[in-house]
Amino acid sequence: MTLAGVPGAGADLRLRDRTFGPGHPLVMAVVNRTPDSFYAAARFDDAGADAAVERAVEEGADLVDLGGVRAGRGPRVGADEEIARVIPLVERVRARHPDLLVSVDTWRADVAQAAARAGADLINDTWAGHDPALVEVAAEHGLGVVCSHTGGAAPRTDPLRVAYGPSAGADPSDDPLDGVVDDVVATLRASAARAVALGVDPASVLVDPTHDFGKNTWHSLHLVRRTEAVVALGYPTLMAFSRKDFVGEALGLPVEERLEGTLAATSVAAWLGARVFRAHDVLATRRVLDMVAAIRGDLAPAHAVRGLA
């Protein structure tokens with residue numbers, strides 16, 4: 001904590017030679033080229049995905065995260081089909097919005113390779129290095145990469161009775177949920193170090209505790225309140241809360257009614273130093289992040305005249 005009682009601002013993020021400091025928290029807009037997203041409003045065909053990107057830009061997104069496979073269980077989608085869904089969209093976004101940062105959500109190295117050639121800036125590996133060659137693709141092309149944590153879960157599987165024991169030497173008085181924090185921190189530290197060793201710019205290595213993946217709701221809630229432990233790794237921290245099950249289970253709400261819960265978690269994590277937020281609801285997230293940054297003192301008010309004129 002700083003002397004003023006405000007947590008550290010978190011590490012700067014650099015993608016495509018652009019650096020974002022604490023006064024610019026980033027919104028990563030979710031645009032899925034999938035017919036079976038868990039959130040019905042985010043199921044896009046080609047035309048819908050193009051419109052979603054345009055809307056995200058208008059509402060203040062800093063980057064778009066383009067995906068072609070639902071994270072959860074569902075019909076098998078092979079690499080060729082994933083490439084067919086995503087890569088033409090990457091090419092269209094790059095042509096229409098040359099300044100917009102583009103992320104591709106994939107765990108496959110061959111899809112990442114195609115994305116890099118199409119102009120992507122970031123590879124969002126939400127399945128924690130399941131394909132170890134993926135990070136090598138990011139290093140080869142000078143891209144950023146997201147290092148995630150799934151507790152060893154394979155792609156497109158749901159958690160079942162997952163447990164994280166205390167780390168070696170843990171104090172018996174520690175919160176028993178700190179076991180998941182220890183596992184997340186150790187996994188992300190190792191994954192980020194490997195990315196850097198392969199040549200990825202440390203400021204382009206994002207770390208994501210990956211709420212819900214390989215975790216139950218208690219784990220995910222605890223990781224939100226322990227955001228500082230992830231931020232302390234020294235890499236820009238990504239949070240992907242948007243309308244997830246831990247939000248719904250905390251409030252007893254279906255996916256369509258999880259916006260307020262998502263924004264509450266976003267506020268907490270932003271205050272504690274997380275820098276990038278993956279979101280379905282871009283405008284609301286943009287306003288929340290800018291308000292938190294203003295309260296923290298990282299961002300000046302947009303129009304401050306009260307009491308002055």
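The values are calculated or read from the model by the stated rules, or taken from the named source; none is laboratory data. As the structure is a prediction and not an experimental result, all values here were calculated from the model. Virtual Cβ from ideal backbone geometry, glycine too; neighbours counted across all protein chains shown.
Hey, does segment 71-78 have a residue that's more than 16 Å from the chain's Cα centre (by Cα), under 30 Å from Ala293 (Cα atoms) and touching a residue at least 12 places away in the same chain (Cβ under 8 Å)? The answer is no; no qualifying residue exists. Test Phe241 against the stated conditions and say whether it is surrounded by 18 or more Cβ atoms within 10 Å (Cβ to Cβ), modelled with pLDDT of 95 or more and either out of contact with any Lys or Arg (no Cβ under 9 Å at 6 or more places or on another chain) or of a type in the set (D, E, K, R) (or both). Against the criterion (surrounded by 18 or more Cβ atoms within 10 Å (Cβ to Cβ), modelled with pLDDT of 95 or more and either out of contact with any Lys or Arg (no Cβ under 9 Å at 6 or more places or on another chain) or of a type in the set (D, E, K, R) (or both)), Phe241 does not qualify.
Cβ separations smaller than 6 Å between residues 6+ apart or across chains give the following pairs from segment 105-129 residues that are closer than 13 Å to Ile83 by Cα to residues that are charged (D, E, K, R) and assigned to a helix (DSSP H, G or I): Val111/Glu82; Ala118/Glu91.
Evaluating Leu134 against the criteria (1) touching a Leu at 6+ places or on another chain (Cβ under 8 Å); (2) within 18 Å of Leu15 (Cα to Cα) leaves one unmet condition, (1). All conditions but one from (1) surrounded by 18 or more Cβ atoms within 10 Å (Cβ to Cβ); (2) farther than 30 Å from Thr19 by Cβ apply to Gly144; the one that does not is (2). The residues on offer are Ala274, Ala270, Ala284, and the sole one that is within 17 Å of the chain's Cα centre (by Cα) and over 17 Å from Leu238 (Cβ atoms) is Ala284. For segment 205-222, the condition of being in a helix (DSSP H, G or I), more than 24 Å from Val64 (Cβ to Cβ) and of a type in the set (Phe, Trp, Tyr) holds for at least one residue.
There is no residue in segment 92-100 that is part of a helix (DSSP H, G or I), at pLDDT below 95 and over 19 Å from the mean Cα position of the chain (by Cα). Filtering Leu223, Leu198, Leu259 for residues that are farther than 30 Å from Gly142 by Cβ and touching a residue at least 40 places away in the same chain (Cβ under 8 Å) leaves a single hit, Leu223. If only residues of segment 164-184 that are at pLDDT below 95 and touching a helix residue (DSSP H, G or I) at 6+ places or on another chain (Cβ under 8 Å) are counted, the one that is nearest to Gly129 (Cα to Cα) is Tyr164.
Filtering Val53, Val31, Val69 for residues that are part of a loop (DSSP other than H, G, I, E, B) and of a type in the set (A, V, I, L, M) leaves a single hit, Val69.
Sub-8 Å Cβ pairs linking a first residue in segment 289-307 that is basic (Lys, Arg) and assigned to a loop (DSSP other than H, G, I, E, B) to a second residue that is loosely packed, with under 10 Cβ neighbours inside 10 Å and modelled with pLDDT under 95, at least 6 apart or interchain, number zero.
So, in segment 14-38, exactly how many residues are farther than 22 Å from Gly144 by Cβ and either of a type in the set (Asp, Glu) or under 17 Å from the mean Cα position of the chain (by Cα) (or both)?
Within segment 14-38, the first condition is being farther than 22 Å from Gly144 by Cβ, and the residues that meet it are 34-38.
From the residues that got through so far, the ones that are either of a type in the set (Asp, Glu) or under 17 Å from the mean Cα position of the chain (by Cα) (or both) too are 36-38.
So the answer is 3.
Determine, yes or no, whether Arg16 is of a type in the set (Lys, Arg), free of Cβ contacts under 8 Å to residues at least 60 places away in the same chain and farther than 17 Å from Phe277 by Cα. So Arg16 fails the test. Looking only at segment 228-268, residues that are within 26 Å of Leu160 (Cβ to Cβ) and either aliphatic (A, V, I, L, M) or assigned to a helix (DSSP H, G or I) (or both) come to 19 in all. The combined condition, being outside any loop (DSSP other than H, G, I, E, B), under 27 Å from Val69 (Cα atoms), of a type in the set (D, E, K, R) and out of contact with any helix residue (DSSP H, G or I) (no Cβ under 8 Å at 6 or more places or on another chain), is not fulfilled by Asp158.
Report yes if some residue within segment 213-225 is closer than 28 Å to Arg76 by Cβ, surrounded by 22 or more Cβ atoms within 10 Å (Cβ to Cβ) and touching a strand residue (DSSP E or B) at 6+ places or on another chain (Cβ under 9 Å); otherwise report no. Yes, segment 213-225 has at least one match.
Of all the listed residues (Ala294, Ala269), the sole one being buried (at least 19 other Cβ atoms within 10 Å of the Cβ) and among the small types (Gly, Ala, Ser) is Ala269. For segment 35-84, a tally of residues being among the charged types (D, E, K, R) and at pLDDT below 95 returns 7.
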